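Since every read-out is calculated from the coordinates, none of them should be taken as a lab result. Everything numeric in this text was worked out from a predicted model, so none of it was measured. Heads up, the Cβs are rebuilt from the backbone with ideal geometry, glycines too, and the neighbour counts pull from every protein chain shown.
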Amino acid sequence: MESNNQNILIICERTPRYNGGSGDQKILYTSYDQMSNIHFCVINDKNEIETSLENVYYCKIQKDIFVSSTKWRYADLIKYFSDKQDRFIESEQYISDILRNIQEIIRKRNIRLLVFEQTGILMWSWYKYFSDNVKCVLRIHDSHYHYLLSDAKTRSRFFSKIALLGSASVQKKHEKKHITQWDQVHFLSQKEYLYYCAEYHNISKKIIYAPSSIVKEQNKYFAKKKKQTDILFVGTMSWKPNSDAVKWFLDTVLPIIKSELPDVKVKIVGKNALQKINSTDNNVDLVGFVESLDNEYKSTKLFINPSQSGGGIKVKLMEAASIGLPVVSTSDGVSGFMENINDYLIVKDKPKEYADAIIQLLENENMREEYSRKMYEYSNEYFDININQKLWKAEIDKIL
């Protein structure tokens, strides 16, 4: 693995970074931090932002990636509610824009393995553009097929549901056509890994569970005795699953909590929070992007993860665990993690049950401290960078 003739090129859509980065950026950073022989090709990132990782190359896509497809019957309807949807279908139309750049990096850096980090525009068919002497791995942050199905259940409009279900069907056909051609397919989500192993059992040896990591923090729950915030949520509000989660909590859960605890203090932190969340509730403090979340974490009694949709794993939950915050989540919020995570936090799905769990925690400091220790323990056992990087290397060594 350390040999110069076994260099690895990571192809990703966002610059790997930890501080100030999105969930995908944090996953990228922690997946390869301190690893040797790693190079990055970042595709179509709007800005060449600073990262402490070395060997980062940028490649811009020139043509319009939102090209309407005449073959996809729901194309116009899809554009109505999500213009990004075309990226799931049309990726092969613009790969030629970056193919030359990738080939040049392969030649100059003697690359032996390509890892495609599928977060958005990167798709299942790209393996066929590279020579046989370069191994190709697809690494799925979250299955678009499962994400589309999950998102459909949150839509109130009939045509939106139909479009999403139709798009999921097309996505599954695309995956089925190409999945057997990859040298390996990695899944960050345990749930998605098990699904794909069962769905494509004939190639199950190629399908790998590759758990993601988080930067290990201290248990900050005990760093500050007096807490200014009762309930904290952190997440970029331009990401629909985040805004849906917050709206569900504010509309259906918070009124129940206020009936018991009228002075409860809720803080919502995240980019575009003021633009995406419409709340005039005096109990709710809407905060936009902040440079550092350190004080927010230290000053809160508990963290909520009321996700109603989405795929993969929730990095916000990983981060909360790494600093020892007690967590109340929905089933969607813990989807993708090992099933035993339910023993380390509270999982409720109905508004009344969710509210009751929060009330119980807010009224019982000893219980909060117990769950703080549990979450921190879970983080140390399952999100450790050194352990998970070794697992990843062991799988990669099988094909190098």
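Springs between alpha-carbon atoms under 10 Å, Gaussian network over the chain: tell me which of 214, 268, 387 tops the mean-square fluctuations. Looking only at 214, 268, 387, the largest GNM fluctuation is found for 387.
Counting neighbouring beta carbons within 10 Å and listing from fewest to most, the residues 280, 300, 180 come out as 280, 180, 300.
Rank 385, 95, 49 by mean-square fluctuation in a GNM of the chain with C-alpha springs under 10 angstrom and give only the top-ranked residue. Checking each option, the largest mean-square fluctuation is seen for 49.
Under 5 Å between amide hydrogens, built in the peptide plane, is the criterion, and for residue 327 it picks out 303, 346 among residues at least 5 positions away or on other chains.
In this simple spin-label approximation, residue 200 and residue 169 carry label points 7 Å from Cα along the Cα→Cβ vector, and these lie 2.2 nm apart.
Near the amide H of residue 183, within less than 5 Å, lie the amide hydrogens of 136, all on another chain or at least 5 residues away, with H placed in the peptide plane. Within the listed set 272, 202, 386, the Gaussian network model of the chain (springs between alpha-carbon atoms below 10 Å) gives the highest mean-square fluctuation for 202.
Let's see if you can work this out: charge +1 on each Lys and Arg Cβ, -1 on each Asp and Glu Cβ, no other charges. What is the dipole magnitude of the chain about its Cα centre, in debye to the nearest 20?
760
Under the convention that each Lys and Arg Cβ holds +1 and each Asp and Glu Cβ holds -1, the size of the dipole of the range 258-389 around its Cα centre is about 400 debye. Helix 365-382 and the longest principal axis of the Cα set of the chain meet at an angle near 10°.
What FRET efficiency comes out for residue 110 versus residue 260 if R0 is 60 angstrom and r is the Cβ-Cβ distance? Round to the nearest 0.05. For R0 = 60 Å, the calculated efficiency reads 0.40. Going 7 Å from the Cα of residue 390 along its beta-carbon direction, which residues of the range 171-194 have the amide nitrogen within less than 12 Å of the resulting point? Zone members listed by number: none at all. Across all Cα pairs in the chain, the calculated P(r) in 20 Å bins from zero up to the longest distance comes to 26, 57, 17, 0 percent per bin. Along the axis of the charge dipole computed for the chain (Cβ charges of +1 for Lys and Arg, -1 for Asp and Glu, origin at the Cα centre), the listed residues 241, 185, 287 are led at the positive end by 185.
Phi-derived couplings, Karplus 6.51 cos²θ - 1.76 cosθ + 1.60 at θ = phi - 60°, listed residue by residue for the range 270-279: x, 4, 6, 4, 5, 7, 9, 10, 9, 9 Hz, with x used for Gly and Pro.
Couplings 3J(HN,Hα) for the range 328-334, derived from phi with the Karplus relation 6.51 cos²θ - 1.76 cosθ + 1.60 (θ = phi - 60°), are 10, 10, 8, 4, 4, x, 9 Hz, where x marks Gly and Pro. Applying the Kirkwood pairwise sum to the alpha-carbon positions of the range 220-382 produces a hydrodynamic radius of 15.5 angstrom.
Helix 385-397 versus the longest principal axis of the chain: what angle, 0 to 90°, nearest 10, using Cα atoms? It is inclined by approximately 20 degrees.
Each Lys or Arg adds one and each Asp or Glu subtracts one; over the other residues with Cβ under 15 Å from the Cβ of residue 340, this totals -2.
Relative contact order of the chain, taken over Cα pairs closer than 8 Å and 6 or more residues apart, is 15 percent.
Counting only GluC sites (Glu not before Pro) that DSSP places in a loop and that have at most 14 other Cβ atoms within 10 Å, the longest clean stretch of the chain runs over 55-290. Each of the trypsin sites (Lys or Arg not before Pro) that DSSP puts in a loop and that has at most 15 other Cβ atoms within 10 Å breaks the chain; the longest unbroken stretch is 227-397. Using the Cβ of residue 282 as centre and a radius below 15 Å, the other residues enclosed give a net charge of -1, where K and R count +1 and D and E count -1. Based on Cα contacts under 8 Å between residues 6+ apart, the range 220-382 shows a relative contact order of 26 percent. Using the Cβ-Cβ distance between residue 370 and residue 398 with R0 set to 30 Å, the FRET efficiency from 1/(1 + (r/R0)^6) comes to roughly 0.15. What is the ratio of the Cα radius of gyration of the range 302-360 to 2.2 N^0.38 Å, with N the residue count, to two decimals? Compared with the compact-globule rule of thumb, the range 302-360 sits at 1.02. Return one number: the angle in degrees, 0 to 90 and rounded to the nearest 10, between the long axis of the Cα atoms of helix 96-109 and the longest principal axis of the Cα atoms of the chain. Approximately 80 degrees, to the nearest 10. Phi angles of the range 242-258 translate, via the Karplus equation with coefficients 6.51, -1.76, 1.60 and θ = phi - 60°, into HN-Hα couplings of 5, 5, 4, 5, 5, 5, 4, 5, 5, 7, 10, 9, 4, x, 5, 4, 5 Hz per residue; Gly and Pro are given as x. The dipole here belongs to the range 132-271: it is taken about the Cα centre, uses +1 on the Cβ of Lys and Arg and -1 on the Cβ of Asp and Glu, and is about 300 debye.
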